[in-house]
Each structure stands twice: as structure tokens, then as C-alpha cells.
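The values are calculated or read from the model by the stated rules, or taken from the named source; none is laboratory data. Quantities reported herein were computed from a predicted structural model and do not represent experimental measurements. Using ideal geometry, Cβ is built from the backbone for each residue, glycine included, and neighbour counts are taken over all protein chains shown.
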């Protein structure tokens, strides 16, 4: 990584699930370092554990063993209350399904994390408005999710993920529920935010064309991550 600081440093991650048929291993010693300002894509077959890995990296789930440090902080050593606060300050999440609150407007959805963090209403609203306008949604501030297109809903979800100025954005198939043109526009937005704000991005995707446009691509296979060379996307 040329000496750049790491925003995410994960090592020896092991995670599996117990089912009626027995224990199913998923992550088997995963190692991943993500530099500040880097954009990394993770690809792999359906069911191989990409979302599981992202949830562990984002501290939404705990590994059975291994270590994750975010901005140098060994996150799983933190007590639950501090871990939640640290996660909310440091990480943003975007999922395939936007999970917007249907009874609230776009502006209210984006302001919500700040209000939960007990920021004054006027300050939270101003920050949310500025971010939505930056993402081209100035005419949709007061629309509820049901009145927005799929691409607009995902842009609102991206704004919500960014409103607390996280240092890293974890995106799980964010274009998977969109048509190609809308998905490409959303991906271009993520690339612009990565470039202009130096927000590190870890993108889980099944779309190898988009993955090839990231700075680095890794394939999750057999429980571990493998580098994908630029010419290796057809293999």
C-alpha cells in the first residue's frame, strides 16, 4: 500500500454458521487491509460469504476468531456501547435494499442519524439538506421514499450513510436492485465521493464490470480473499 495509513485492517477472520445439517464454514482466515481513500471491490459466487464478510468488517457481526481494526482501533475489544458509537461515527453502510423509513421524507431520513446522535434539529436538517443537494436531490427533499425512483431512493440511502462524515463506506450490492443505467450512475456517484471526499469504499458486488473500475478487486473463494488481476475478470 506504499505506506498509506489503513482505515481497515482485518486478519485471520473465521466465521461460520450452525445449521440442521451441521457447521458450515464461511470465512476461513480472511485477511484484508484497506488504505485511507482506497476503493476496493469484493466479488464472488452467490452464497460464498461476501455479505458475511462485510458485516464482520462493519462490526454488525462478530467473527469466531480474528481481528478487525478500524482507524487503528481494535473494534471487537470495545464494550458494546462504545462499539456502537464508534461504528456510527466512523462507518457508513449502503445495502441493496435502501431501508429508508417510508413515513419520513428524504430530508428526514437523512437527518435521522444526526438526530439520534442528539444534534439540534436545525443543524441536523441543514447538514442533511446540503448533502442531498450535493447528490442532486434538491427537488426531492420533501418526497417520501414511495414517491422516489429506485435510483433516487439509493441516493438518499447514500446521503444517509454519509451524513455523519464516516471515514469508510461499506456497500453491499448497492446497484443490485437497479437497472444498468441507474446502477452505473450510482456507482459513478460512489467513485466521485471516494475521490473528492477521500472516503474509503469497500464494495461487495456481483457486477464484475463495475468491480473492474475500482482501484483493487478481490475474489472471495474457498473462505479466503484472492487478488483479481485487471485481465482476470473473465476467468
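Condition first: farther than 16 Å from residue 170 by Cα and not in a helix (DSSP H, G or I). Can you find one or more residues in segment 83-99 that meet it? Within segment 83-99, none of the residues are farther than 16 Å from residue 170 by Cα and not in a helix (DSSP H, G or I). In segment 52-65, the qualifying residues are those that are touching a helix residue (DSSP H, G or I) at 6+ places or on another chain (Cβ under 8 Å) and surrounded by 15 or more Cβ atoms within 10 Å (Cβ to Cβ), and the one that is farthest from residue 202 (Cα to Cα) is 63. When residue 116 is tested against (1) farther than 27 Å from residue 141 by Cα; (2) at pLDDT below 90; (3) touching a helix residue (DSSP H, G or I) at 6+ places or on another chain (Cβ under 9 Å), exactly one condition is not met: (1). Taking segment 135-146 as the range and being surrounded by 15 or more Cβ atoms within 10 Å (Cβ to Cβ) and either out of contact with any helix residue (DSSP H, G or I) (no Cβ under 7 Å at 6 or more places or on another chain) or under 12 Å from residue 158 (Cβ atoms) (or both) as the test, the residues that pass are 135, 137, 144. Checked against the criterion of being modelled with pLDDT of 95 or more, surrounded by 19 or more Cβ atoms within 10 Å (Cβ to Cβ) and closer than 30 Å to residue 28 by Cα, the candidates 94, 68 yield just one match: 68.
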